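For reference, the structure is listed below as structure tokens.
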Amino acid sequence: MCLSTVYRNKMEPETVAMRNVMRIECRDGLVILTDLMERQMAIEGTLEQANLVDGFVIVRENIPA
């Protein structure tokens, strides 16, 4: 099973959005994360990078103008 840690904008401890993510969906400008306990979180932005071997994902948040 490949679980990942999702970070907002850059991979640093203070930017962790969610740990133990098992599913990622992208729709309507949202990146929807689901963890091992079926908790969900939606981030407005785009998937920038996913490294499933190393277990991390970076989501680029949309910054309001």
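The values are calculated or read from the model by the stated rules, or taken from the named source; none is laboratory data. Note that the structure is a prediction, hence the values are computed from the model and not measured. For neighbour counting, all protein chains shown are included, and Cβ atoms are generated from backbone atoms with ideal geometry for every residue, glycine included. Side chains are part of the model used for accessible areas, which takes the heavy atoms of the whole protein and leaves out ligands, DNA and RNA. Shrake-Rupley method; radii C 1.70, N 1.55, O 1.52, S 1.80 Å.
Output the qualifying pairs, or none if there are none: Cβ atoms under 9 angstrom, residues six or more apart or on different chains, first residue in the range 11-23 and at pLDDT 95 or above and surrounded by fewer than 14 Cβ atoms within 10 Å (Cβ to Cβ), second residue of a type in the set (A, V, I, L, M, F, W, C) and part of a loop (DSSP other than H, G, I, E, B).
Arg19/Leu3; Arg19/Leu36
For the range 1-10, what are the residues that are under 10 Å from the mean Cα position of the chain (by Cα) and open to solvent by 70 Å² or more (accessible area, probe 1.4 Å)?
If the condition is that a residue be under 10 Å from the mean Cα position of the chain (by Cα) and open to solvent by 70 Å² or more (accessible area, probe 1.4 Å), then Arg8 is the only one that fits.
In the range 41-65, how many are closer than 13 Å to Gly29 by Cα, open to solvent by 30 Å² or more (accessible area, probe 1.4 Å) and touching a residue at least 40 places away in the same chain (Cβ under 8 Å)?
2
Looking at (1) surrounded by fewer than 16 Cβ atoms within 10 Å (Cβ to Cβ); (2) in contact with a Phe, Trp or Tyr (Cβ under 9 Å, 6 or more places away or on another chain); (3) among the aliphatic types (A, V, I, L, M), can you tell me which one Met37 breaks?
(2)
Counting only residues that are among the polar types (S, T, N, Q) and part of a strand (DSSP E or B), how many does the range 1-28 have?
Residues in the range 1-28 being among the polar types (S, T, N, Q) and part of a strand (DSSP E or B): 3 in total.
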